[in-house]
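Heads up, the thing below is written out as structure tokens.
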Amino acid sequence: MGDLTGTTALVTGASRGIGQAIAVRLAASGAMVLVHFGTDEDGATATVGEIERAGGTALAVRAELGVDDDVETLFAGVETGLAGRPLDILVNNAATAPAGPLGVTTRAQFDHLFAVNVRAPYFIAQRALPLLRDGGRIITISSVATRMANTTQTSFAMTKGAVETMSMTLANQVGVRGITVNAVAPGATRTATNGPAFEAPGLADLIAATTALNRLGEPDDVAEVVAFLASDAARWITGQVIDASGGLFLGPRF
């Protein structure tokens, strides 16, 4: 994958799961990574430690998203970490989990979901633009929930549809600076956090049977796609949603 030596990257929600894998992968290509976390300081420390043990450079940055002054808190740490350098790559990964189907999600849950999954990445992107170099990258993690009718994830899917639209319109706005803006949509991805959920009898096999590549996703599968979009090889791709689900629910397999 493309060489990112000398670049800087901010990955939100990088203390575990897909975000952690993205941070580690970008660092492996040479980027100095700002590892954002909200409450999981131990996880962020583990991410930084893994990067440093592999010879990379990383710094943890704390900011709880979805609360007042979240972006200001985040970028106070980001600017300290950058120490005057520009930002090259922004990965909006942090998100909160689905609250439930219509009729179950409360107003408070709905508002929090949109505050973390939509408002935060929108204003993080806005705040990052003055720091982002020309030719930089903005990558937001979406979900295949936007192309499937999963009634247990109505409000969550709505938030991901919003950031996909944001990615397309922002790409059109900042393209004159050579900045690309894309979204990556994972499917069923097994992480250390959600792993137990896939242990329900028959569930993993059922998902694999409805996936073209016949298995659950892993965080590294998604991280590789993000690393590609962050590289110079993806310089002509912008305003797109890249499905990174292994072909989840493409249709029946006969």
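I'd like to check which helices (runs of 4 or more DSSP H) are fully inside region 66-172 and have at least 3 residues that are in contact with a helix residue (DSSP H, G or I) (Cβ under 7 Å, 6 or more places away or on another chain), crowded, with 21+ Cβ neighbours inside 10 Å and of a type in the set (A, V, I, L, M). Ranges flagged: 120-128. In the condition set (1) touching a Ser or Thr at 6+ places or on another chain (Cβ under 7 Å); (2) of a type in the set (Gly, Ala, Ser); (3) surrounded by fewer than 24 Cβ atoms within 10 Å (Cβ to Cβ); (4) within 24 Å of Arg133 (Cα to Cα), Gly43 is compliant with all but (4).
Just one of (1) part of a helix (DSSP H, G or I); (2) modelled with pLDDT of 95 or more; (3) of a type outside the set (S, T, N, Q); (4) more than 15 Å from the chain's Cα centre (by Cα) fails for Phe198. It is (2).
Here Leu206 passes the criteria (1) closer than 23 Å to Ala149 by Cβ; (2) in contact (Cβ under 8 Å) with a residue 12 or more places away in the chain except the one numbered (2).
The values are calculated or read from the model by the stated rules, or taken from the named source; none is laboratory data. Nothing here was measured: the structure is a model prediction, and the numbers come from that model. Don't worry about glycine lacking a Cβ; one is built from the backbone with ideal geometry, like all the others, and counts go over all protein chains shown.
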